[in-house]
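First up is the structure itself, then whatever we jot down about it.
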Amino acid sequence: MKLLIIFVSTISIAIAAFFLVTQTRLGVKVVHAEPALTEFTATIRTQQYSSASQLMLTDVIAVAVKGDGSRAEKRIIRNGNPLEVRTVIDTAAAKKTVIDVLTESKTTYRLTDKEVIAYRHKPSSCTPGNQQAETSTLLGYAVVKVVTNETAGQPSVRKVQWRAPALNCFPLKTEAQEVMADGSLGSSSIEEVTNLSLGTPERSIFEIPANYQERSPSSVMERARELKGQARCEDCKAGNRKLDEVYQASR
């Protein structure tokens, strides 16, 4: 049974800020940019539940957003235990870097032009098609309720988000529910911002250690198991192979 993990990937476009259009005229690149997005740092609590409504996983994550669309995510607690894994998206360098402190590893991906534009794009509306939506207030910010159904593949996922227009449509709360092919309910998750501060984020969350070794996703996992004294995960090979294929394709 697939567990839902709702964080960076589900809100990537929502927190982007600039839209760049480039063209070349006589060898000169012309750049048109929209105003920067709102800068902030947020603390998010994510809880994942089984189909029997049993709490399976609790994460605490810090998310920082810069005006140029760059962002960083730092997973700091998992099930009450300290854990530091960071993901840094640098729109200027067109790179995404996953940093694992335990193994002193970094895994670097190249962002496509389309992905950079998406991160920098400042949404004009938080609702699809500028449709009317239910409104409310969370953490002192006006939010709009947006319901989506992701039906590509099985199970499908029904997602309810409360997005804040003043924060680049960043969702202050997300509820997701798997719906199986027979209509029964699968796993679910709740992601909620518990603290938010406006202003330029701290530089440290975006820093990439120069002495960390570049490793593929499977190498990071193997190194982590080795450091923890765990045996190799034979059942993980197929999944790791797919992760490595994505990694190699972006190099």
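Partner lysines whose Cα lies under 22 Å from the Cα of LYS114, excluding those fewer than 8 positions away in the same chain, are identified as LYS29, LYS66, LYS95, LYS96, LYS122. By the scheme Lys and Arg +1, Asp and Glu -1, what is the net charge of all other residues having a beta-carbon under 12 Å from that of THR58? Charge balance near THR58 sits at 0. Summing charges over neighbours of LEU172, with a neighbour being any other residue whose Cβ is under 13 Å away from its Cβ, gives +1 when K and R count +1 and D and E count -1. Here the label points at ASP235 and ALA166, each 7 Å from Cα along the C-beta direction, are separated by 4.7 nm in the simple model. Can you grab the distance from the C-alpha centre of region 63-122 to the C-alpha centre of region 146-180, Å, no decimals? Their Cα centres are 21 Å away from one another.
Using θ = phi - 60° in the Karplus curve 6.51 cos²θ - 1.76 cosθ + 1.60, the 3J(HN,Hα) couplings for region 136-153 round to 7, 9, 9, 6, x, 10, 5, 10, 10, 8, 10, 10, 10, 10, 9, 9, 6, x Hz; x is entered for Gly and Pro.
Proximity of backbone amide H atoms, modeled 1.01 Å from N, is registered between VAL179 and SER156, VAL157, ARG158, GLY186 at under 5 Å, excluding neighbours fewer than 5 places apart on the same chain.
Our coupling estimate for region 46-56, obtained by passing each phi through the Karplus curve with A = 6.51, B = -1.76, C = 1.60 and θ = phi - 60°, is 10, 10, 10, 10, 6, 5, 8, 6, 8, 5, 9 Hz, Gly and Pro reported as x.
Taking the number of Cβ atoms within 10 Å of each Cβ as an exposure proxy, the fewest-first ranking of LEU185, LEU198, LEU167 is LEU198, LEU185, LEU167. For MET56, the residues whose amide H sits under 5 Å from its own are GLN48, TYR49, SER50, ignoring neighbours fewer than 5 places away on the same chain, with H placed 1.01 Å from N.
For the chain, a Gaussian network of Cα nodes joined below 10 Å ranks PRO171, PRO201, PRO155 by mean-square fluctuation, and the top entry is PRO155.
Gain on full extension, evaluated as 0.36 nm per residue between LEU198 and ASP113 minus their Cα-Cα distance, stands at 27.8 nm.
Values quoted throughout were computed directly from the atomic coordinates according to the rules given, and no laboratory measurement underlies them. Keep in mind it's a predicted model, so treat the numbers as computed, not measured. We place every Cβ from the backbone using ideal geometry, glycine too, and count neighbours over all the protein chains shown.
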